[in-house]
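A short worksheet on the structure shown next.
The values are calculated or read from the model by the stated rules, or taken from the named source; none is laboratory data. Keep in mind that this is a model prediction, so the values were computed, not measured. Protein only, heavy atoms only, side chains kept; ligands, DNA and RNA dropped before computing areas. Shrake-Rupley method; radii C 1.70, N 1.55, O 1.52, S 1.80 Å.
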Amino acid sequence: MAAQEPMTVERAKLILKETITVFALPENKARLTGAIEEANAAPEEQRAMVKMQKLVPIVTELAGGKLAEHGLPSVMMGVMQIQMVAGQEPLIGEGVQMMSGCLQGNIPDDAAIAAYTTKLGV
């Protein structure tokens, strides 16, 4: 088995760009929005739990597939490796926050995704 490519700022930016762009695809946005609407329809005291139950699997599936393409075996491992180079480039931390926000139901709109991916410049 080949050694995994080390995480660099440029590699992290590319991975984030490709991963976050996945959330903007209409079919994925519809799935995420549907999960949020379902959670918001639950009783107030259950909303946070329902959001986690609905969003975590979707976000993990969407991000996990893209991270796997880059040799990162899991979302948690991938995010940890990307986060390790965030101190060298603030845009990386911004992307990790954007991905984490999706888990909480804060799905960035198309304009925010486009602005972020443009700033990445990869």
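With N counted as the residues of the stretch 57-121, its alpha-carbon radius of gyration over 2.2 N^0.38 Å works out to 1.09. Listed cross-link partners Lys51/Lys119; Lys13/Lys119; Lys29/Lys54; Lys29/Lys51; Lys17/Lys119; Lys17/Lys51 are compared with a 18 Å cut-off, the Cα-Cα value being larger for Lys51/Lys119; Lys17/Lys51. For the chain, the per residue solvent-accessible surface stands at 55 Å², with DNA, RNA and ligands left out and a 1.4 Å probe.
The fraction of accessible area contributed by carbon and sulfur in the stretch 32-115 is 59 percent, rounded to a whole number (1.4 Å probe; ligands and nucleic acids excluded).
Here the stretch 2-122 has an Rg and Dmax of 14.7, 50 Å, counting Cα atoms alone.
Over the stretch 30-69, the alpha carbon radius of gyration divided by the compact-protein estimate 2.2 N^0.38 Å works out to 1.29.
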